[in-house]
Amino acid sequence: MDHPLIDLITQKIAAAEAEGAFDNLPGAGKPLLKVDDPENALFNRLVKESGGEPEFVTLSKSLRALREELRETGDRTQRREIMQKMSMMEARIAIARDQAKS
């Protein structure tokens with residue numbers, strides 16, 4: 001099913017093209033930038049420009065904090081709990097990295 005405004009949109013584009021609105025645009029005649037993930041290129045660019053980061057980066061920061069906590073803790077019970085959290089965090093990082101690749 002077409003968008004209800006498709007005819008109006010097509011007319012507006014055709015009129016702009018006839019008026020030369022698309023002539024001499026910056027980058028005209030040059031190849032498009034290569035994109036690894038064309039389906040998500042715009043989304044990825046917006047996230048990057050807004051200071052966002054992939055989940056595995058955020059998780060890696062949390063893992064570093066856990067490692068620091070482990071260094072500072074002498075209590076065996078707390079150390080065991082921290083190491084369990086670290087193990088789970090490493091698994092989550094591996095999953096997030098795999099998801100980021102695909």
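Data for the structure
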quantity	calculated
Verdict on Glu17 being out of contact with any Asp or Glu (no Cβ under 6 Å at 6 or more places or on another chain) and at pLDDT below 85	no
Check on Thr10, farther than 21 Å from Asp98 by Cα, modelled with pLDDT under 95, among the polar types (S, T, N, Q) and out of contact with any Pro (no Cβ under 9 Å at 6 or more places or on another chain)	yes
Leu32 in a helix (DSSP H, G or I) and either surrounded by fewer than 11 Cβ atoms within 10 Å (Cβ to Cβ) or more than 19 Å from the chain's Cα centre (by Cα) (or both)	no
Of all residues making up the range 80-102, the number that are free of Cβ contacts under 8 Å to residues at least 24 places away in the same chain, touching a helix residue (DSSP H, G or I) at 6+ places or on another chain (Cβ under 6 Å) and of a type in the set (Lys, Arg)	1
Single residue of Leu46, Leu66 found to be more than 20 Å from the chain's Cα centre (by Cα) and among the aliphatic types (A, V, I, L, M)	Leu66
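The values are calculated or read from the model by the stated rules, or taken from the named source; none is laboratory data. Just so we're clear, the structure is a prediction, and the values are computed from it rather than from any experiment. With ideal geometry, Cβ positions are generated from the backbone for all residues, glycine too; neighbour counts draw on all protein chains shown.
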